[in-house]
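A quick write-up on the structure given underneath.
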Amino acid sequence: MRMAELSHTRYAISLRLRAARGVRGYRRRCYNAGAMNLLRLRRGFSLIELIAVLAILSVLATAAIPLAQMSAQRLKEQELRLDLRQLRGAIDNYRRAVEDGRVAKKADETGFPRRLDDLAAGVEDQRDQNKQKIYFLRSIPTDPFAAPGVTGSESWAKRSYASPPEDPREGADVFDVHSRSDEPGLNGIPYRQW
């Protein structure tokens, strides 16, 4: 029986050695496959991989460019709204000052400023003993859609009190302002009609 146990033990050890060799062989194969992958990575990318990456980047770029242009236009439109609100508010404040007797008005005048620049240049306060000036704006903003080189009051189209809203024209006073641009906004309405 002792002999049988010994042969059985030898057989078990031989099985264990074979199994260990098999595991080591598997590890060697994995290591060799990893080394091959490293060599492949060192060589660089294939032409097909580069073309695929370029195609994906071009699709992303064609989608991003219109979005960037639209956002730039949206910012200009927001600036136009704010400038129009500021200018129209200053014109209304000038009219209120005329009605309160703080700004001189001739009998044939409407009470609106004669020029847009008067809002920033200031007018004499008739109620003040020292005749200090009243300023309605720090400076005249420039229309964001104006042609390059045109600044301040020259960039705005003006409407006099005597002209109808359907056909705005300049005149003896400044009743309203609007952009000179005929381009349509994102809402489809031309900037001239804002």
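The values are calculated or read from the model by the stated rules, or taken from the named source; none is laboratory data. Given the structure is predicted, the values throughout are model-derived calculations rather than measurements. No Cβ is skipped: glycine too gets one built from the backbone with ideal geometry, and neighbour counts run over all protein chains shown.
Structure summary
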| item | result |
| --- | --- |
| Pair list, Cβ under 6 Å, 6 or more apart: the range 143-159 residue over 19 Å from residue 82 (Cβ atoms), other residue exposed (fewer than 15 other Cβ atoms within 10 Å of the Cβ) | none |
| Residues located in the range 160-181, provided they are among the aliphatic types (A, V, I, L, M) and within 18 Å of residue 85 (Cβ to Cβ) | 174, 177 |
| Test: residue in the range 159-180 that is in contact with a Ser or Thr (Cβ under 7 Å, 6 or more places away or on another chain), among the aromatic types (Phe, Trp, Tyr) and surrounded by fewer than 16 Cβ atoms within 10 Å (Cβ to Cβ) | yes |
| Counted residues, the range 71-111 - those being within 24 Å of residue 151 (Cα to Cα) and in contact with a helix residue (DSSP H, G or I) (Cβ under 6 Å, 6 or more places away or on another chain) | 1 |
| Among the residues listed as 61, 90, 107, the single one being modelled with pLDDT of 65 or more, part of a helix (DSSP H, G or I) and under 30 Å from residue 160 (Cβ atoms) | 90 |
| Residue in the range 152-175 that is aliphatic (A, V, I, L, M), in contact with a Phe, Trp or Tyr (Cβ under 7 Å, 6 or more places away or on another chain) and modelled with pLDDT under 95 present | yes |
| Test result for residue 75, in a helix (DSSP H, G or I) and in contact with a strand residue (DSSP E or B) (Cβ under 6 Å, 6 or more places away or on another chain) | no |
| Every pair of residues 6+ apart whose Cβ atoms lie under 8 Å, when the first sits in the range 87-100 and is on the phi > 0 side of the Ramachandran plot while the second is assigned to a helix (DSSP H, G or I) and at pLDDT below 95 | none |
| First in the range 62-79 and closer than 16 Å to residue 190 by Cα and exposed (fewer than 10 other Cβ atoms within 10 Å of the Cβ), second anywhere and modelled with pLDDT of 85 or more and of a type outside the set (A, V, I, L, M), Cβ under 7 Å, 6 or more apart | none |
